[in-house]
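The values are calculated or read from the model by the stated rules, or taken from the named source; none is laboratory data. Given the structure is predicted, the values throughout are model-derived calculations rather than measurements. Note: ideal-geometry Cβ built from the backbone for every residue, glycine included; neighbour counts use all protein chains shown.
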Amino acid sequence: MKIKKAVIPAAGMGTRFLPATKAMPKEMLPIVDKPTLQLVVEEIVEAGIEDILIITGRGKGAIEDHFDKSIELENLLRDKGKDEELEEVLKISSLANIFYIRQKEPLGLGHAVLCARQFVGNEPFAVLLGDDIVYADEPVIGQLAAVYDEKKNTVVGCQRVGWENVHKYGVVDTDDPEASVVKVKRLTEKPERSEAGSDLAVLGRYIIDPEIFEIIETTKPGAGGEIQLTDALNILASRQPVWAYTFEGRRYDVGDKLGFLEATVEYALRRKELSEEFKSYLTSLKD
């Protein structure tokens, strides 16, 4: 079944990037010259998904403005003959059919996903977290969609993070952690190393069956007093198979300052107009 709809939870406060995020949504922090959220939207579009719901919150108006048309800016660029910039701006407002809904209270990722129920309806859907961007030959959410098409059940996107880092992530417990597609026995949120079933971590990409909505409705708040998507997925895994897929691509945690800097540097080095001069600058820092 073709995945037609994607959901991006983007209601977080971005406290790890204060003071920059005091007035600006963390999802609008740029990687070179593109907001991180735009990179996520482009991944969705490249996978052939056209309908996107962004879950926002108070103070997130810049997100809607970014993906809307800007007549004044377009006219200014047109008048100045800045055709390349005009083409880029026009492209942003026509990337996809983008809808918005507010998560009125910070009740957790599970609750944010529940806000998408009417938008999704009774069909499988993609969920992408804005803190994870992936540079890949094939869009990661498209990779997961292909696995879903084969397995017909929920798929979570994973990569190995090393045993020393399992306490930072939701980790997969499985009988066969070496395979690229494995059946999930349980997901454990930020376990100690001694409690982790593997070093296979869930990294912000999901294709989820709509049955998850009924489960979230009855899921009690977990860690931090929030409704955790991990808890709901564990209940789902007790009723039907849930699969973990080790996706291909270079993943960056742009919700972390070091990860954000790594993404900025590496994306800049991939840009033809920047790479040589920027590489020379970075090399000069060794002196």
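Conditions first: (1) over 15 Å from LEU129 (Cβ atoms); (2) at pLDDT below 95; (3) not aliphatic (A, V, I, L, M). PRO30 passes all but one, so which condition is the exception?
Just one mismatch for PRO30, condition (2).
Do we find that LYS190 is under 14 Å from ASP231 (Cα atoms), in contact with a Ser or Thr (Cβ under 7 Å, 6 or more places away or on another chain) and either modelled with pLDDT under 90 or basic (Lys, Arg) (or both) in this structure? Full working, then the answer.
Values: under 14 Å from ASP231 (Cα atoms): yes; in contact with a Ser or Thr (Cβ under 7 Å, 6 or more places away or on another chain): no; either modelled with pLDDT under 90 or basic (Lys, Arg) (or both): yes.
So LYS190 fails the test.
Within segment 119-160, take every residue that is in a loop (DSSP other than H, G, I, E, B) and acidic (Asp, Glu) and give me the one that is surrounded by the most Cβ atoms within 10 Å (Cβ to Cβ). Spell out the reasoning first.
Step one: of segment 119-160, the residues in a loop (DSSP other than H, G, I, E, B) are 121-124, 129-131, 136-139, 152-154.
Among the residues that remain, those that are also acidic (Asp, Glu) are: 123, 131, 137-138.
Working: GLU123: 12, ASP131: 23, ASP137: 7, GLU138: 13.
Top of the filtered list is ASP131.
With respect to the numbered conditions (1) at pLDDT 95 or above; (2) more than 17 Å from LEU200 (Cα to Cα); (3) crowded, with 20+ Cβ neighbours inside 10 Å, which one is the sole condition not fulfilled by VAL265?
Only one criterion is unmet by VAL265, namely (3).
List the number of the failed condition for ILE54; all other conditions in (1) over 14 Å from the mean Cα position of the chain (by Cα); (2) within 23 Å of ALA136 (Cβ to Cβ) hold.
That leaves (1) as the condition not met.
Within segment 151-181, work out how many residues are hydrophobic (A, V, I, L, M, F, W, C), under 19 Å from GLY222 (Cβ atoms) and free of Cβ contacts under 8 Å to residues at least 60 places away in the same chain.
Counting residues in segment 151-181 that are hydrophobic (A, V, I, L, M, F, W, C), under 19 Å from GLY222 (Cβ atoms) and free of Cβ contacts under 8 Å to residues at least 60 places away in the same chain gives 2.
Run LEU203 past the list (1) farther than 23 Å from GLN103 by Cα; (2) in a strand (DSSP E or B) and report the number of the one that doesn't hold.
Exception for LEU203: condition (1).
Against the condition among the aliphatic types (A, V, I, L, M), touching a residue at least 60 places away in the same chain (Cβ under 8 Å) and either under 23 Å from ASP253 (Cα atoms) or surrounded by 21 or more Cβ atoms within 10 Å (Cβ to Cβ) (or both), how does VAL184 come out, does it pass?
In short, yes.
Check segment 71-93 and report whether any residue there is part of a loop (DSSP other than H, G, I, E, B) and under 26 Å from the mean Cα position of the chain (by Cα).
No; the residues of segment 71-93 include none that is part of a loop (DSSP other than H, G, I, E, B) and under 26 Å from the mean Cα position of the chain (by Cα).
Out of segment 59-77, which residues are without any contact (Cβ under 8 Å) to a residue 40 or more places away in the chain, surrounded by 14 or more Cβ atoms within 10 Å (Cβ to Cβ) and charged (D, E, K, R)?
GLU74 - this is the single residue of segment 59-77 that is without any contact (Cβ under 8 Å) to a residue 40 or more places away in the chain, surrounded by 14 or more Cβ atoms within 10 Å (Cβ to Cβ) and charged (D, E, K, R).
For the subset of segment 162-181 comprising residues that are among the β-branched types (Val, Ile, Thr) and either surrounded by 20 or more Cβ atoms within 10 Å (Cβ to Cβ) or touching a Lys or Arg at 6+ places or on another chain (Cβ under 7 Å) (or both), which member is nearest to ASP253 (Cα to Cα)? Don't jump to the end; show me each part of the working.
In the first step, residues of segment 162-181 are kept if they are among the β-branched types (Val, Ile, Thr); the result is 166, 171-172, 174, 181.
Then drop every residue that is not either surrounded by 20 or more Cβ atoms within 10 Å (Cβ to Cβ) or touching a Lys or Arg at 6+ places or on another chain (Cβ under 7 Å) (or both), which leaves 166, 171-172, 174.
Details: VAL166: 14, VAL171: 16, VAL172: 18, THR174: 24 Å.
Among those residues, the one meeting the criterion is VAL166.
Modelled with pLDDT of 95 or more and surrounded by fewer than 15 Cβ atoms within 10 Å (Cβ to Cβ) - does that describe any residue in segment 50-58?
No, segment 50-58 contains no residue that is modelled with pLDDT of 95 or more and surrounded by fewer than 15 Cβ atoms within 10 Å (Cβ to Cβ).
With within 14 Å of ALA62 (Cα to Cα) and out of contact with any Ser or Thr (no Cβ under 7 Å at 6 or more places or on another chain) as the only criterion, which of PRO19, PRO9, PRO30 stands out?
PRO30
What about LEU236, is it part of a helix (DSSP H, G or I) and loosely packed, with under 14 Cβ neighbours inside 10 Å?
So LEU236 does not fit the description; no.
Could you go through segment 27-37 and let me know if any residue there is assigned to a loop (DSSP other than H, G, I, E, B) and either more than 25 Å from GLU248 (Cβ to Cβ) or in contact with a strand residue (DSSP E or B) (Cβ under 8 Å, 6 or more places away or on another chain) (or both).
Looking for residues that are assigned to a loop (DSSP other than H, G, I, E, B) and either more than 25 Å from GLU248 (Cβ to Cβ) or in contact with a strand residue (DSSP E or B) (Cβ under 8 Å, 6 or more places away or on another chain) (or both), one finds at least one in segment 27-37, hence yes.
Would you check if GLY81 is of a type outside the set (Asp, Glu) and over 27 Å from GLU273 (Cβ atoms)? Write out each step before concluding.
On the way: of a type outside the set (Asp, Glu): yes; over 27 Å from GLU273 (Cβ atoms): no.
No: the conditions fail for GLY81.
(1) within 27 Å of GLU178 (Cβ to Cβ); (2) in a loop (DSSP other than H, G, I, E, B); (3) under 18 Å from the mean Cα position of the chain (by Cα): which one isn't true of PRO241, the others all being true?
Condition (3) is where PRO241 drops out.
What number of residues within segment 45-66 satisfy the criterion of being under 24 Å from PRO106 (Cβ atoms) and outside any loop (DSSP other than H, G, I, E, B)?
First, the residues of segment 45-66 that are under 24 Å from PRO106 (Cβ atoms): 52-66.
Checking which are outside any loop (DSSP other than H, G, I, E, B) leaves us with 52-56, 61-66.
Number satisfying all stated conditions: 11.
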